[in-house]
């Protein structure tokens, strides 16, 4: 118990340190005195670009990792991520439609249309998978997984067709989108989407105990009085909304959803009362820190954050797995 | 393989531009970031480089532009990286991006002027006039635009039946050819030859069968692309190339990327030189 609380504190501190460090990193050198001059470009860059970007990084990273933990709990498998149930592919497909066909479809002209359309795609794909996995009033996890794989394949093929018909500029936008970036962060998209990112934190305490019991097995959980059907529906809904919001806003960011919950599980175990909050904090901190690195590594240009999260997290992830094998 | 250098012609053009440009009458001082090579070239042609504070990676002509701070590729710009230079005006083409960065820059109150991507004979002069007007150098811009238009009018382009295939690639695993509606297509047609592929628009991956079917007489490539591809030897090793006339006779023309696809002030020169090359090969 003590170890788990210490780990949560560590994750919270890591998030804070990441946010502070990230706020100091960027192409522009910003001094503390600049922040008090409201008209200066430095102050505007800090408050209108960097701060929303840091907040978005914390929330998106947190939500992706948190959703990964939920997906792993739902499938009772630690190597599952939300992408496996087709939500990421659904978001990607609809974003690709908006990017490639946006010029010829009147309501898909603005940047916001890509975000909203992609969000709709994520929700739609999770809904389709959910419907497919329903049989005689029950959600079959195995069918859910297979439907997810099928939807993934369909979406990837459709993205392939769109990539083929895309022109050079659209193709580049599409590939950039697929690499993920927090470059589009602004106060307006934080205001519009923050409810989807804060929601996970609020519901975590309500579902963590049920998830702990669900690990034992679906039958065992139902014998212990857990409404497994309701729990599965809530989890799929939460993952759909959360990941849909993340991917639609920042594009594809891999690794966080799979590795962060796994890392946390390796350190503090399976107890979802601690696992969910730790993954949220660690995921947010990791993405925020990775984004800070992305902003300075080839400044004044930037590299997509999806590349950095994998580069930063993978060696650490590998060392943890190695340590675990050695213990066994 | 023919690799042509336009050093002499460029020298003459630069000299004439220098003579043409005189002091500004109502010049507006800006801190300009140019995010396109052709736009940068025009800014230098109008002697406005003193207002240029940073450029993108496609701005490597004239040579002095390369010494300016670089904000990255025109389609992968970063908001903060650009704002670091405190620009008052950003000039480029409509393809500049990503869209989120462009939106953020607009929100930050920076004046952006992104020109449409056009591939017409009048495009260079129109761009010169627009930039000149925007920066208070109307007179100089008019003189330069007139000079470009005169050069275009004086061009003697002989029509040819040669089929030219434009290939663009950075690595052998993804080779693209240009269909209609591209800068490459326009350059081939304007210089008197025929594009070997007209069945599709934009750039599409090259297939061996399509290459054999198109049977181009000449392969046209941007220099940097050819270099990244592995040079001339790698080009002739593309599957199916040996069945084409270009492959059999090793007809390859390499042209500087910006010169070939930029539609800038040097358009008449490159059209003339390409047409001369077509005549030689014919």
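The values are calculated or read from the model by the stated rules, or taken from the named source; none is laboratory data. Remember, predicted model here, so these are calculated numbers, not experimental data. Glycine gets a Cβ as well: all are built from the backbone with ideal geometry, and neighbour counts include every protein chain shown.
Having 2 or more residues that are more than 14 Å from chain A (Cβ to nearest Cβ) and within 21 Å of the chain's Cα centre (by Cα) is the bar; report the helices (runs of 4 or more DSSP H) wholly within segment B:38-142 that clear it. Working first, answer last.
Values: elements: B:79-83, B:99-107, B:123-134.
Hits in segment B:38-142: B:123-134.
In segment B:166-175, which residue that is closer than 16 Å to residue B:216 by Cα and under 17 Å from the mean Cα position of the chain (by Cα) is modelled with the lowest pLDDT?
Taking segment B:166-175 and keeping what is closer than 16 Å to residue B:216 by Cα, we get B:166-168, B:175.
Checking which are under 17 Å from the mean Cα position of the chain (by Cα) leaves us with B:166-168.
Values: B:166: 96, B:167: 93, B:168: 89.
In this case the residue turns out to be B:168.
From the list A:282, A:320, A:275, A:311, pick out the single residue that is under 21 Å from residue A:247 (Cα atoms), part of a helix (DSSP H, G or I), away from chain B (no Cβ under 14 Å) and in contact (Cβ under 8 Å) with a residue 24 or more places away in the chain. Walk me through it before giving the result.
On the way: A:320 fails: under 21 Å from residue A:247 (Cα atoms); A:275 fails: under 21 Å from residue A:247 (Cα atoms); A:311 fails: in contact (Cβ under 8 Å) with a residue 24 or more places away in the chain.
Of the residues listed, the single one that is under 21 Å from residue A:247 (Cα atoms), part of a helix (DSSP H, G or I), away from chain B (no Cβ under 14 Å) and in contact (Cβ under 8 Å) with a residue 24 or more places away in the chain is A:282.
Return the residues of segment B:214-231 that are outside any strand (DSSP E or B) and at pLDDT 90 or above; say none if nothing qualifies. Steps first, please.
Initial filter on segment B:214-231 (outside any strand (DSSP E or B)): B:214-217, B:223-231.
Passing the criteria: B:214, B:215, B:216, B:217, B:223.
Taking segment B:70-102 only, how many residues are surrounded by fewer than 20 Cβ atoms within 10 Å (Cβ to Cβ) and under 15 Å from residue A:177 (Cβ atoms)?
Going through segment B:70-102 one residue at a time, the tally reaches 1.
What's the total number of residues in segment A:253-270 that are within 10 Å of the chain's Cα centre (by Cα) and at pLDDT below 90?
As a first pass, look at segment A:253-270 and keep what is within 10 Å of the chain's Cα centre (by Cα): A:253-258.
From what is left, the residues that are at pLDDT below 90 are A:254-255, A:258.
Residues that pass the stated criteria total 3.
Among the residues of segment A:166-185, what is the count of those that are in contact with a helix residue (DSSP H, G or I) (Cβ under 7 Å, 6 or more places away or on another chain), at the interface with chain B (Cβ under 8 Å from one of its Cβ atoms) and surrounded by fewer than 19 Cβ atoms within 10 Å (Cβ to Cβ)?
Total meeting the criteria: 0.
For the subset of segment B:214-246 comprising residues that are surrounded by fewer than 14 Cβ atoms within 10 Å (Cβ to Cβ) and within 29 Å of residue B:58 (Cβ to Cβ), which member is farthest from the other protein chains (Cβ to nearest Cβ)?
Once the filter is applied, the top-ranked residue is B:233.
Just for helices (runs of 4 or more DSSP H) wholly inside segment A:28-141: which have at least 3 residues that are more than 14 Å from chain B (Cβ to nearest Cβ)?
A:51-75, A:87-101, A:111-133
For residue A:298, indicate whether it is within 14 Å of another protein chain (Cβ to nearest Cβ), closer than 30 Å to residue B:54 by Cα, at pLDDT 90 or above and surrounded by fewer than 23 Cβ atoms within 10 Å (Cβ to Cβ).
Numbers: within 14 Å of another protein chain (Cβ to nearest Cβ): yes; closer than 30 Å to residue B:54 by Cα: yes; at pLDDT 90 or above: no; surrounded by fewer than 23 Cβ atoms within 10 Å (Cβ to Cβ): yes.
For residue A:298, the condition - within 14 Å of another protein chain (Cβ to nearest Cβ), closer than 30 Å to residue B:54 by Cα, at pLDDT 90 or above and surrounded by fewer than 23 Cβ atoms within 10 Å (Cβ to Cβ) - is not met.
Under the condition of being buried (at least 19 other Cβ atoms within 10 Å of the Cβ) and at pLDDT 90 or above, which residue from segment A:143-161 is nearest to residue B:100 (Cα to Cα)?
Within segment A:143-161, the match that is nearest to residue B:100 (Cα to Cα) is A:159.
Counting only residues that are farther than 30 Å from residue A:235 by Cα and at pLDDT 85 or above, how many does segment A:32-64 have?
Initial filter on segment A:32-64 (farther than 30 Å from residue A:235 by Cα): A:32-51.
So of that shortlist, the ones also at pLDDT 85 or above come out as A:41-51.
Matching residues across segment A:32-64 total 11.
Residues checked against (1) more than 14 Å from chain A (Cβ to nearest Cβ); (2) buried (at least 21 other Cβ atoms within 10 Å of the Cβ); (3) within 30 Å of residue B:144 (Cβ to Cβ); (4) without any contact (Cβ under 8 Å) to a residue 60 or more places away in the chain:
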| position | (1), (2), (3), (4) |
| --- | --- |
| B:174 | no, no, no, yes |
| B:190 | yes, no, yes, no |
| B:207 | no, no, no, yes |
| B:212 | yes, no, no, yes |
| B:248 | yes, no, no, yes |
| B:259 | yes, yes, yes, no |
| B:266 | yes, yes, yes, no |
| B:282 | yes, no, no, no |
